[in-house]
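The values are calculated or read from the model by the stated rules, or taken from the named source; none is laboratory data. Values in this document were obtained by computation on a predicted structure and should not be read as measured data. Cβ placement follows ideal geometry from the backbone for every residue including glycine, while neighbour counts extend to all protein chains displayed. Quick note on the areas: whole protein, heavy atoms, side chains included, nothing else; ligands and nucleic acids left out. Shrake-Rupley method; radii C 1.70, N 1.55, O 1.52, S 1.80 Å.
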Amino acid sequence: MTTNTTIPAPLGEIIDEFQALEERERLQLLLEFAQSLPELPERYQDHPERLEQVVECQSPVFITIETEPAADAASQVVRLFLTAPKEAPTTRGFASILFEGLDGLSAREILAVPDDIAHELGLDRAVSPLRLRGMTAMLVRIKRKVAGECHLGQTA
Amino acid sequence: MSYPLDTNEKFAAYAHPERLVSTEWLAAQLADGALEGGKLAVVESDEDVLLYETGHIPGAVKIDWHTDLNDEVARDYVDGPAFAKLLASKGISRDTTVVIYGDKSNWWAAYALWVFTLFGHEDVRLLDGGRDKWIAEGRELTTDVPTPIEGDYPVVERNDAPIRAFKDDVLAHLGKPLIDVRSADEYTGKRTHMPAYPEEGALRGGHIPTAASIPWARAAAEDGTYKSREELENLYLGEAGLNAGDEVVAYCRIGERSSHTWFALKYLLGFDNVRNYDGSWTEWGNAVRVPIVKGEERGTWPLS
């Protein structure tokens, strides 16, 4: 477990965006996120086995990461690749928030994201806490992969 | 039931054919303008809270199982006043014929239908095959959200007893048939909870003694429609060993998949006394001193 948690700026901006809206409008924003999740690059589209399934999600969600070398392990830049079916827009929306909020950050920054960040979006009532667990699971998976591939010890 | 029925041949074989409609039937009603006047309402109820917004059957309103039908505080369904307010706001009156459909072969639609039935809504039907079949057939979808004329819905006390079982009811029921509709691994106890989700899971794995394992999906065909009466009889009378007239309790993790099975037993096979145990494994697997059987065998009651 990391002890010092910090919300990185891009993710913080997304949270502010949600918090500024009425509850009903937050769902609409989540839908817009779902629609903006980028397609996987071809190297993953053709090789689905290179992606890891987030089995905790009721809909099939796959993630993987790539890292760019840096002077020290924790400073490596992490690129995220996430995919979720169009028939599961809520899950896609969560994946898209994590992508926009975390892609391109350093391993250190990603590992410092609080595990319960999903509840900061103000979606507990509109989406339900049960469904938000899918987003928590995705984040925990991402952090685990980052910790593993950057050799930074276990988190979560 | 005031609204015309879908009289197709497959449904005619079921015990209560009036509880199902086909996509063809619904499309024809919509083309005839059935939604005008409040006699018929179409409700979408999905696992995914945003799916309706991506496109739905024209004129359909959305009712979410979690944010609309569950009480926010207690682990229970909404009460009479909240239900009346919800339905009226969706343009549904007490005598409206309601057709419910949803994703995942109608899991959540069946669950919503079961909650409507707790409130004694008389004419509520499932769209056989649900959302996926409607889409697979290339039928019309829209993102236009209707603004229905307020319905006239009385405050009705929920009557849980006939179709809802609580934990104590299940304890008293032991010795009579139970259907466990979860996956094989959940039934045997190999899986207790999903990784990284201790709070959603259960402290113990296994099943309620004597419960037959019939995963919910076995009642559904490839296209998400219910299997024929004969196939369902082979499954529940044959494999599960139910006999006509049995009192049955169905359960899963939280009561949604078992609503799908509850519907099949009650309306398609005609078991009058079927209850859904919505506390299901998230309650039973955490309750102190309730009997549990592990492994593939159904076990006996009393435990031997």
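Taking residues in the range B:202-213 that are assigned by the TED database to the domain that holds B:ASN276 and outside any loop (DSSP other than H, G, I, E, B), and partners anywhere that are among the acidic types (Asp, Glu) and open to solvent by less than 10 Å² (accessible area, probe 1.4 Å), the pairs with Cβ atoms closer than 6 Å and at least 6 places apart or on different chains are B:HIS207/B:ASP180; B:SER213/B:ASP180. Taking the criterion of being of a type in the set (Gly, Ala, Ser) and open to solvent by less than 10 Å² (accessible area, probe 1.4 Å), the residues of the range B:42-60 that qualify are B:SER45, B:GLY55, B:ALA60.
Each row is one residue, and each column tells you yes or no for (1) away from chain B (no Cβ under 14 Å); (2) within 15 Å of A:ARG141 (Cα to Cα); (3) in contact (Cβ under 8 Å) with a residue 60 or more places away in the chain.
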position	(1), (2), (3)
A:LEU27	no, no, yes
A:LEU37	no, no, yes
A:GLU68	yes, no, no
A:ASP72	yes, no, no
A:PHE81	yes, yes, no
A:THR90	no, no, yes
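Can we say B:ALA74 is open to solvent by 50 Å² or more (accessible area, probe 1.4 Å) and either modelled with pLDDT under 95 or out of contact with any His (no Cβ under 7 Å at 6 or more places or on another chain) (or both)? So B:ALA74 passes the test. Put simply, of A:ILE63, A:ILE97 the only residue that is assigned to a strand (DSSP E or B), within 14 Å of chain B (Cβ to nearest Cβ) and open to solvent by less than 70 Å² (accessible area, probe 1.4 Å) is A:ILE63. Is it the case that the range B:23-45 has a residue that's modelled with pLDDT of 95 or more and within 14 Å of chain A (Cβ to nearest Cβ)? Yes, some residue in the range B:23-45 is modelled with pLDDT of 95 or more and within 14 Å of chain A (Cβ to nearest Cβ). Condition (residue is under 23 Å from A:GLU13 (Cβ atoms), part of a helix (DSSP H, G or I), within 14 Å of chain B (Cβ to nearest Cβ) and open to solvent by 10 Å² or more (accessible area, probe 1.4 Å)) applied to the range A:101-110: is it met by at least one residue? There is no residue in the range A:101-110 that is under 23 Å from A:GLU13 (Cβ atoms), part of a helix (DSSP H, G or I), within 14 Å of chain B (Cβ to nearest Cβ) and open to solvent by 10 Å² or more (accessible area, probe 1.4 Å). In the condition set (1) in contact (Cβ under 8 Å) with a residue 60 or more places away in the chain; (2) open to solvent by 10 Å² or more (accessible area, probe 1.4 Å); (3) in the same structural domain as B:LEU203 (by the TED database), B:ALA244 is compliant with all but (1).
Scanning for something open to solvent by less than 60 Å² (accessible area, probe 1.4 Å), outside any loop (DSSP other than H, G, I, E, B) and under 16 Å from B:GLY255 (Cβ atoms), does the range B:149-164 turn up at least one residue? So far as the range B:149-164 goes, yes, one or more of its residues are open to solvent by less than 60 Å² (accessible area, probe 1.4 Å), outside any loop (DSSP other than H, G, I, E, B) and under 16 Å from B:GLY255 (Cβ atoms). Residues in the range A:111-132 that are buried (at least 18 other Cβ atoms within 10 Å of the Cβ) and either part of a loop (DSSP other than H, G, I, E, B) or of a type in the set (Phe, Trp, Tyr) (or both): A:ALA112, A:VAL113, A:LEU123, A:SER128. May I ask you to verify whether A:GLU13 is more than 30 Å from B:ASP132 (Cβ to Cβ) and part of a helix (DSSP H, G or I)? The answer is yes for A:GLU13. Filtered by the rule that a residue be within 14 Å of another protein chain (Cβ to nearest Cβ), closer than 24 Å to B:ALA27 by Cα and hydrophobic (A, V, I, L, M, F, W, C), the range B:50-73 gives B:LEU50, B:LEU51, B:ILE63. The residues on offer are A:VAL140, A:VAL127, and the sole one that is modelled with pLDDT under 90, within 13 Å of chain B (Cβ to nearest Cβ) and closer than 26 Å to A:PRO89 by Cβ is A:VAL127.
Scanning the range B:19-43 for residues that are outside any loop (DSSP other than H, G, I, E, B) and out of contact with any strand residue (DSSP E or B) (no Cβ under 7 Å at 6 or more places or on another chain) yields B:GLU24, B:TRP25, B:ALA27, B:ALA28, B:LEU30, B:ALA31.
What number of residues within the range B:74-104 satisfy the criterion of being within 12 Å of another protein chain (Cβ to nearest Cβ) and in a loop (DSSP other than H, G, I, E, B)? Within the range B:74-104, residues that are within 12 Å of another protein chain (Cβ to nearest Cβ) and in a loop (DSSP other than H, G, I, E, B) number 3. If the condition is being under 12 Å from the mean Cα position of the chain (by Cα) and not hydrophobic (A, V, I, L, M, F, W, C), then the range A:70-92 contributes A:ARG79, A:THR83, A:THR91, A:ARG92. If the condition is being part of a helix (DSSP H, G or I), open to solvent by 40 Å² or more (accessible area, probe 1.4 Å) and not charged (D, E, K, R), then the range A:21-60 contributes A:GLN28, A:GLN35, A:SER36, A:GLN45, A:PRO48. Evaluate the following for A:THR2: is it buried (at least 17 other Cβ atoms within 10 Å of the Cβ) and at pLDDT below 95? For A:THR2, the condition - buried (at least 17 other Cβ atoms within 10 Å of the Cβ) and at pLDDT below 95 - is met. Within the range B:197-216, does at least one residue satisfy the condition of being under 18 Å from the mean Cα position of the chain (by Cα), open to solvent by 10 Å² or more (accessible area, probe 1.4 Å), under 19 Å from B:ALA264 (Cβ atoms) and at pLDDT 95 or above? The answer is yes; a qualifying residue exists. The requirement of being of a type in the set (Asp, Glu) and modelled with pLDDT under 90 is not satisfied by A:GLU100.
Listed conditions (1) within 14 Å of another protein chain (Cβ to nearest Cβ); (2) in contact (Cβ under 8 Å) with a residue 12 or more places away in the chain are all met by A:GLN53, apart from (2).
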